[in-house]
Structures are given as structure tokens and as C-alpha cells.
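**Q** Below is the structure I would like to discuss, written out as C-alpha cells.
The values are calculated or read from the model by the stated rules, or taken from the named source; none is laboratory data. Please read these numbers as outputs of a predicted model, since none were measured by experiment. A quick note on method: Cβ atoms are made from the backbone with ideal geometry, for glycine too, and the neighbour counts reach across all protein chains shown. Ligands, DNA and RNA are stripped out before the accessible areas are found, and what is left, the full protein with its side chains, is counted by its heavy atoms. Shrake-Rupley method; radii C 1.70, N 1.55, O 1.52, S 1.80 Å.
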Amino acid sequence: MIYAALFSLSAISLLIFIYFGAAQEFEEQIRERIIAESKILLQGPKAAEPAALARRIEQRIQGRGVNDFYYALIDPSGRRLAGNLPEGSFRTGWHEIKVKEEDDEPDEEPDDELTTLSLLGARVPDMGLLVVGASREKSEDLLEVMLETAGLGLVLVGLLAVGGGLLMSRASLARVSKISRATRQIMMGDLARRLPTTGFGDELDQHSSNINEMLDHIELLMETTKQISNDIAHDLRTPLSRLRQNLEGARRGTQTVVAYRKAFDQAVSETEGILETFDALLLIGRISASTAKMRFAEIDLSQLLSRITETYEPVAAAQKHKLCSHIVPGLHCWGDKELLVQMLVNLIENAINHCPKGSEIDLELTLEEGRPRIIVSDTGLGIPPDEHEKVFRRFYRLEQSRTTPGNGIGLALVKAIAEKHHIEIELKDRKPGLIVSLRFPAETLTAIYESMT
Amino acid sequence: MRAALNGTDYAPLGRSNKLTAYASVDEAAGRYPPRTSAAPASTEIQTMKILLIEDDRETSAYLFNGLQEEGHTVQVVENGRDGLILATSEDYDVLIVDRMLPGVDGLSIVKTIRGAGNQVPVLFLTTMNGIDDRVEGLDAGGDDYLVKPFAFSELRARVNALIRRPSIVREETVLQVVDLEMDLIARSVCRAGKKIELGPMEFRLLEYLMRNKGRVVTRTMLLERVWEFNFEPKTKVVEANISRLRTKIDKPFSKQLLHTVRGSGYVLKSAGETG
């Protein structure tokens, strides 16, 4: 509505401007003509003689067309010497009188409408007053037409503006009410619903798109949470039941302090495992949900891996494994040091624990197409290709490892950390054995991430 | 990180059923005479005055008994406000503060104390094991952070490590334990004049042990301080690396310096040393 009013106002002021501009222009033209005519008259031969001038004026009147000039020559005493102007008071300078209209069409009824004449009075020395005038009828007619059309146009525009405004606000309101309906439905639990967008790309659409993205994220979070709850319910029951069984058994069974001690030890270590699993689950959840305030910084990847290698060398040796490393120095990445360490340690420990004694474990850090790449590979039992996807699931254990200690959380944590760091993780068959490839984002991208965090 | 529990060192809870909170100094010293516990770590302990701010009765009983048995004087309060009053009005050697307290919370207490210029060592106890929680605790002015549940030996070792000793205040460039010398500037190690080659992580490990000479350091402390692992590894990282360090600094020599303390951790000292 406001827009319609504003628009109409500006249109009106524009029209006023044009009208007066045109009127002024017309008047200018008329005056130019009058001046020219006056000059011509006064420049002729024998112009100094009133009679000659009078004669010339009469001549002109004779050959006069419609809406041509009007004249009056008045001697100093006030007597009209010549002219076709009606009676009236004339003076020097610009002035005007009203006369009857002369119509263009001869067969038109002459009406009683009056039009204005612009008059220029010039005092001629020894001759009196020469008045030359011209009709404004034509320009008046034109202006009238202009006004009429403008007026009509304005009315149309006004109607359009009001009508359009009404339509648009109705459409807007309709959109808004659609959106609030959808929001209410979402709040009542229909998480899959999204806000409607019209495709116009205007602000309302943009807001709706943003909110829809948020809803996508929320849906994902809720799914993750549901999954975690399910996983916990399902797979943590087992060790908890085991724990209970052991304690029950101890209670019912032997009475010696040594036996009790042993039962306690077992219970404690079982509990330890459960607590660890909880911690890992929580950590995965927090990483995936981005609620953990990541401490991202520039990290010397080469130094990190070297230190881990040095640390795990004796650990591998204890299992008769051979740990080899090939690390290109000076490679950096952008990430959270603690999480990266945890991820790499997870992979190395997996290799150490699940390979038969005497296997070979290789750690590599290279630069490939501007991207750092870490490879952890071993000559152990490997992972069957059809399980490459599944092993990253929480609590997933391979058949061959079901009897070894572990809770199946390790690789899920690795995947969560890799995703947070935009690292491409890939499993390949080493035949025999496993190759885990970690491709970090290009070193040039670190600057972009820097600006994002 | 949560220190691993082990089955061998639970404080004997059967000893006292009632929690004697607000025990006065004399009362406490009289009731539980100092006794040598299973861990020989007590050779390094000087009796300390400890303020324990903990609202969970089980935990505070557990700690009170354990620490008193070590020969320390322990005062227990159950809420933050009383804790703050005591901490600012009396002198303690160590504060053990639970993060979650009724009234004023643990973090605020320590922040206030630090704000007043008090540099008393503070150990936080908490059930929260997030990275952020840990950093928050240390930022607030805490010196160490222990996640429940924990084994008593873990707490004992960390409390001992927190004691400020005058000798530690000055900057050292050379660390020494008997005939084992570490030059911190040159980054070199030798024993009985013979140079020992160590990798960067081995050096870090030995440095930490030497800085804490005579004190028991637990596995968890080593994992956190030397390797900066804030998680529990699934392999015997500490054992394997200690073992390797031993072959370099102990095996070729007659006197053993790096000892394993069953149920607690490791200590670098000369056997039979008392101080």
C-alpha cells in the first residue's frame, strides 16, 4: 500500500513537472514568434511612417490564416490606426487578453470558449504603440490533451498500483502463512517436512532455504543420536551382562580371598572396557555433531608421524612386528592435533593387535598432487573387500576378530575424525594385508579452512 | 583422561563408615597414625595439609581415608562457599576440588583464589572427560585434572607431583640422578661419562622422569605429559617404551635407576634413597 501511494505521488509530481515545463516551452515559442513578427513589421521600408505601417498591418490581416497573428497600432492619442485585436487596454511589454476561440475545423460549431492571447506591446517612436499577439489556443489544447491522458494514465496507474499491491501482499501473506503452517507441523514432530519455496529467490525464499538446510542438519543429528542410543542399548548390554554374570558367579562360587580378588580384577577390567566404549561413543557423537570446539591449528604432520612411529616401534617389536616408516619431512596440515593423533594411533594399534606375530607394518607420508597422504599398511589378515564399507560402523567386528579384545569402536572414531578434517579415507587390499590411505586436503586449502574457523 | 583402574589398590572402605568431616588437625593426626602402605612411594612423601572440596560422600570418604593413611592432614568441606572461605583464610599445600559443587562451582572457586594471587597447587576432580572440560579446568588455574573414577594410586602420584618444592623453583639446565646426567641445552644424555643416544620421544620420557626424580609417576601421567595422549591406548605403549629406555640407561650399568612400582607406576631413583 505504501509503495502504491509513494509511486502515485512520484508519478503525479513528474506529470506536474512535465506540464509546467511544456507550458513554459510553448509560451517561449509563442513569444519568439511575436518578437520576430514585431521586428519584421518595424524593419520594413518607410517603417517610420505610421500610415505605411498601418497599411502593412492591414495587408497582413487580409492574408491571415486561422490562429495567426493579431495586431493593433495605436497612435499616441489613443486612436486605433489599424489592427484586428478586439477592444481592450494595451500597454508596452508582455500582457494578455482573452478572446473567442478560433476553431481549426470549419464545420465545427463555434463555441463560446475563450482562449488567451499573448500580447507584446512596443512603443514605436513618433508612432505610438504597436501590439502584436498570438493565440495560445493550440498550446492550450495540447496541454489539455496532455492533462487528460496523464490524468487517465494516473488513474490507471493508481488502480494498478493498488490492485497490484493488494495482490502482492495477499500473495506474501499466503506464503507466510504457508511457512508458519509448515513450521508448526515440524515442531509437532514431522521432521521430514521442509519449508516451501517459490523459486523466486527473494529474501523470503532465502530464509526458507537456510531454515531447510538447518532442518536437514537437525534431522541428521537426530538420526545420529537415535543410532547411538540404539547401538548403546544393543551392544553395550553384552559386556554389562557379562559383568553381571561374573559378579554373580563370584558371589555364588568360591569363598577364598584370592578367588574374590580375581573376580574383582575381572570386573574392573570389564568395567574399564565399558567406560572406554562410552567415552569413544561420546567423542564420536560430539565430533560428528560439531559441538566439540575443535582446536584447529597448523600442524607439522611429518613431525607428528615421526613421533608416533618412534613411540610405536618398541610396541610393534614386542609383538615381533617390523615397523617401517617413510616420512617426507616438512609437510603440514590444518587440524586438531589431539584428534589426529588419536586417529593415527587407532590405525597403528589395529595393525599391531590384529596381525599375526611377525607381520610387517608400514607408515608412509608423501605429497601427492599437492595433498599430503598417509598410508598405514600391514601384511596381516586384511579386510574382505565387501566389508570395507561396514567396518567403519560403530560396534562392527569382523568375524575373524570376534574373539580378540576390542569393541569395534576404533574405526568409527577414525572415520568421524577423518570427516571432520575433510580427509579422504580409503581401504585397499594389500594382498595379503590391508592398506589404509588417508588423503588430506590440498595444502593450499588450509588457508580457506583458516578463514572458516 | 580417565586413568585405568587396576584391581590392586582400592582404599579399604571398611575402615570407617562415618565420614568425619571437618576433622581438626590434631584429631586427624591422632586417629590415623602414619603407616607405610604397600606402595613404597611414601619414601618421598612429606606430610601435607590438604583441603578437599567434594560433595559426594563416597568419594570424599575414599580420599580422606586414603590420604590420611599416607600421613597427610585432610580437611573436607562439602560445598563451594565453605571451601572458598577456608582456602582463602588458611594455608594449604594442595587443594583437591570437585568441579561440580552445590553453590559456588569448582572452576569459580579456583578462579577466585588465583585472582587473589594464591598460587596453591590445585587438582580438579570431575566426571566430565571432554577435551574442552580439561582445558577449561586448566585455564581456570588448575594444575592437574583427574577424571572419575580413578584409582587411588593415580591421585596419590598426582598430588605428590604437585607439591611445590623450593629446589624446583630455580631453572635448571642439567638434570642429574646419581651418575645419570641430562644436558637440557645440548639435548644430550650420559651416564658414568658414557654418552647415550636417545630419540626425541625417549629424551622426553627420560626428562619427565628425571624432573620427577624420586616420585612415582603413573602410566596415565606419562601418557598425558610425555606422549600427550589424552586417551587410553590399546597397546602397551608405556611399558614397551620404558622397557626400551631401560635397556639404554640401566642395563649396561650396575645400579638400577628406573624402577617399576607395582600397582602405581614408575620411579627414577637410586634404590635405598630416602630423599
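**Q** My understanding is that a pair violates if its Cα-Cα distance is over 20 Å; which of A:Lys39/A:Lys100; B:Lys148/B:Lys269; A:Lys39/A:Lys98; A:Lys320/B:Lys234; A:Lys415/B:Lys234 do that in this structure?
**A** Pairs exceeding the cut-off: A:Lys39/A:Lys100; B:Lys148/B:Lys269; A:Lys39/A:Lys98.
**Q** Would you calculate a helix-derived [θ] at 222 nm for the protein assembly as shown, using -39,500 (n - 2.57) for each DSSP H run of n ≥ 4 and dividing by the full residue count, to the nearest 500?
**A** Details: 19 runs with 338 residues, N = 728.
The helix contribution divided over the protein assembly as shown gives -15500 deg cm²/dmol.
**Q** Right, something else. Return one whole number: the accessible area per residue of chain A in Å², for a 1.4 Å probe.
**A** About 59 Å² of surface per residue is accessible.
**Q** Still on this structure, I have one more. To the nearest 10 square angstrom, how much accessible area does A:Asp190 have with a 1.4 angstrom probe?
**A** Rounded to the nearest 10, that gives 60 Å².
**Q** Would you jot down the residues in region B:184-207 that end up with at least 50 Å² less accessible area in the complete protein assembly than in the chain alone, with a 1.4 Å probe?
**A** B:Met201
**Q** Still on this model: Out of B:Phe64, A:Ala418, A:Ser437, whose Cα points farthest toward the positive end of the dipole of the protein assembly as shown (charges: +1 Lys, Arg; -1 Asp, Glu; placed on Cβ)?
**A** Going by the Cα projections, it comes out as B:Phe64.
**Q** Keeping all protein chains in place and using 1.4 angstrom, which order do A:Met222, B:Met182, B:Met128, A:Met168 fall into by accessible surface area, from largest down?
**A** Ranked list, largest accessible area first: A:Met168, A:Met222, B:Met128, B:Met182.
**Q** Between A:Ala82 and residues 5 or more places away or on another chain, which pairs have amide H atoms under 5 Å apart, with H built 1.01 Å from N, and which residues are they?
**A** Here the answer is A:Leu73, since their amide H atoms fall under 5 Å of that of A:Ala82.
**Q** Per the 1.4 Å probe, what fraction of the accessible area of chain A, in percent, lies on carbon and sulfur atoms?
**A** Taking all protein chains in place, chain A shows 58 percent carbon and sulfur surface.
**Q** Taking the full set of protein chains and a 1.4 angstrom probe, give the accessible area of B:Arg211 in square angstrom, rounded to the nearest 10.
**A** 120 Å²
**Q** Quote the relative contact order of chain A in percent (integer), defining contacts as alpha-carbon pairs under 8 Å separated by 6+ residues.
**A** Details: 562 pairs, mean separation 42.5, N = 453.
For chain A, the relative contact order is 9 percent.
**Q** Ok, one more. Looking at region A:240-270, which residues lose a minimum of 30 Å² of accessible area between their chain alone and all protein chains in place, measuring with a 1.4 Å probe and not counting ligands or nucleic acids?
**A** A:Arg261, A:Asp265, A:Val268
**Q** Something else now. Considering the dipole of the protein assembly as shown built from charges on the beta carbon (Lys and Arg +1, Asp and Glu -1) around the Cα centre, which of A:Leu281, A:Met188, A:Met168 is farthest to its positive end?
**A** A:Leu281
**Q** Now for a different question. Roughly to the nearest percent, how much of the accessible area of region B:213-275 is carbon and sulfur, given a 1.4 Å probe?
**A** Here carbon and sulfur together make up 49 percent of the probe-accessible area.
**Q** So for the protein assembly as shown, Kirkwood radius off the Cα pairs, Stokes-Einstein at 37 °C and 0.692 mPa s: how many µm² s⁻¹?
**A** 94 µm²/s
**Q** With point charges of +1 on the Cβ of Lys and Arg and -1 on the Cβ of Asp and Glu, referenced to the Cα centre of the protein assembly as shown, which listed residue (B:Gly141, B:Met48, A:Ile2) lies farthest in the positive direction of the dipole?
**A** B:Met48
**Q** Follow-up question, since we're still on this one. Would you work out what percent of the accessible area of region B:73-209, with all protein chains in place, is carbon or sulfur (probe 1.4 Å)?
**A** Exposed carbon and sulfur together represent 52 percent of the surface.
**Q** Please list A:Lys428, B:Lys213 from largest to smallest accessible area, probe radius 1.4 Å, with all protein chains kept in place.
**A** Ranked list, largest accessible area first: B:Lys213, A:Lys428.
**Q** To the nearest 10 degrees, how steeply does helix A:257-288 sit against the main Cα axis of chain A, on a 0 to 90 scale?
**A** Roughly 20 degrees, rounded to the nearest 10.
**Q** About its Cα centre, what dipole magnitude does region A:175-282 give when the only charges are +1 on Lys and Arg Cβ and -1 on Asp and Glu Cβ, stated in debye to the nearest 20?
**A** Around 660 debye, computed over region A:175-282.
**Q** If you don't mind, there's one more thing I want to ask. Quick one: check the C-alpha center-to-center distance for region B:229-249 versus region A:155-176, whole angstrom.
**A** Between the Cα centres of region B:229-249 and region A:155-176 lies a distance of 77 Å.
**Q** Given H placed 1.01 Å from N in the peptide plane, which residues other than close sequence neighbours of A:Val124 have an amide H under 5 Å from its amide H?
**A** A:Leu129, A:Leu130
**Q** For region B:195-275, compute Rh as the Kirkwood radius over C-alpha pairs and then the Stokes-Einstein diffusion coefficient at 4 °C and 1.567 mPa s; write the answer in µm²/s, rounded to an integer. Show your work: numbers first, answer last.
**A** On the way: Rh = 13.1 Å.
The estimated diffusion coefficient comes to 99 µm²/s.
**Q** Another question about this same structure. Please determine, in degrees from 0 to 90 and to the nearest 10, the orientation of helix A:137-187 with respect to the longest principal axis defined by the Cα atoms of chain A, where the helix direction is its Cα long axis.
**A** Roughly 20 degrees, rounded to the nearest 10.
**Q** Roughly how many Å is it from the Cα centre of region A:255-323 to that of region A:198-253, as a whole number?
**A** So the separation of the two Cα centres works out to 23 Å.
**Q** If you fit an axis through the alpha-carbon atoms of helix A:301-318 and take the longest principal axis of the Cα set of chain A, what angle between them do you get, 0 to 90°, nearest 10?
**A** So the inclination is approximately 20 degrees.
**Q** Counting only protein heavy atoms and rolling a 1.4 Å probe, how much accessible area do B and A lose on contact, total for both sides, in Å² to 100?
**A** 2700 Å²
**Q** Could you sort A:Trp94, A:Trp334 by their accessible area in this structure, using a 1.4 Å probe and putting the largest first?
**A** A:Trp94, A:Trp334
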